[in-house]
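Since the structure comes first, as structure tokens, the remarks are kept for the end.
Please treat every number below as a calculation from the coordinates, not as lab data. Note that the coordinates shown come from a computational prediction; the quantities given were computed from them, not determined experimentally. As a convention, Cβ positions derive from the backbone with ideal geometry for all residues, glycine included, and neighbour counts pool all protein chains shown.
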Amino acid sequence: MNINKIVKDSVNGIKDKYKSTQLNPFKMPENINVTITIDYEKSLSNLLKALGNVKQEDIDNIAKVGKLVESSVKKAIK
């Protein structure tokens, strides 16, 4: 049992397999496909839960700010 011959044959076998493949670890693939999935039901559920925690006072303040922005834009357009 010659260990040097076994190791050399193993290394040569690996080299031969690598050379015979078409894979190149340093070449970027031409096409990369990415799939993105969005769970609308869960997203909407989370949004409604977040809105459920908003106080009426906060909603009124947001409405006031919206009205101020609207009036400022109208004045700027005139």
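Some points to look at:
- Convex hull (Cα only) mean projected area of the chain, reported in nm² to one decimal: 14.9 nm²
- Screening the chain for DSSP H helices whose Cα atoms reach 30 Å or more along their own axis and whose mean Kyte hydropathy is at least 0.5 gives nothing.
- The lysines within cross-link reach of Lys5, meaning a Cα-to-Cα straight distance under 26 Å and a gap of 8 or more places when in the same chain, are Lys15, Lys17, Lys19.
- Dipole moment magnitude, nearest 20 debye, the chain about Cα centre, only Lys, Arg, Asp, Glu C-beta charged: 360 debye
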